Amino acid sequence: MNDGDEKLLVRLAEKLVTVREMNMKRVILSLIAVTGGLLTTAHPSQAHHSRAMFDMAKNITYRGVVQEYELQNPHSHIILTVGSDPKDASTVGTWDIEASSVNIMVSEGWNQTTYKPGDPITVVAHPMKNGSKGALLFYAVRPDGTRLYRAQHRYASEVE
């Protein structure tokens, strides 16, 4: 083997090491990207906030009129006003009732036109612990008496 052949072999070996290093970097970066994607999409409920702000031990009935109904992500909302002569005086006022995401609500029978402003509404919900005018929906009662639930799963206090 002459001196020129040795130099050529050394250059080829260096290029082979460089190509392997580049391929290894690509593999590592791809693994990092895939892992990150799986962590952010595989279990989104684990990244979601808790229900700690709501008094899940209380089921309060709010009878009023829909001011606004939004079937939206990440949470649907029903804004309702309870008049000055309800069965439960603590429910008087305007309330923001939080519900679930669109896909969960639709699977429970909700749609974009389930309620419109001015519709009478009865909801059973869990009030905010801090006393503010918000609550987490358990279910709504339609004028014909049918119930539309926030979700299929139930918390311990959500009993019929």
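Could you tell me whether Ala140 is within 19 Å of Glu158 (Cα to Cα), at pLDDT 95 or above and either small (Gly, Ala, Ser) or part of a loop (DSSP other than H, G, I, E, B) (or both)?
Here the answer is yes, as Ala140 does meet what is asked.
Count, please, the residues in the range 99-153 that happen to be closer than 16 Å to Gln67 by Cα and of a type in the set (D, E, K, R).
Of the residues in that region, 4 qualify.
The values are calculated or read from the model by the stated rules, or taken from the named source; none is laboratory data. Values in this document were obtained by computation on a predicted structure and should not be read as measured data.
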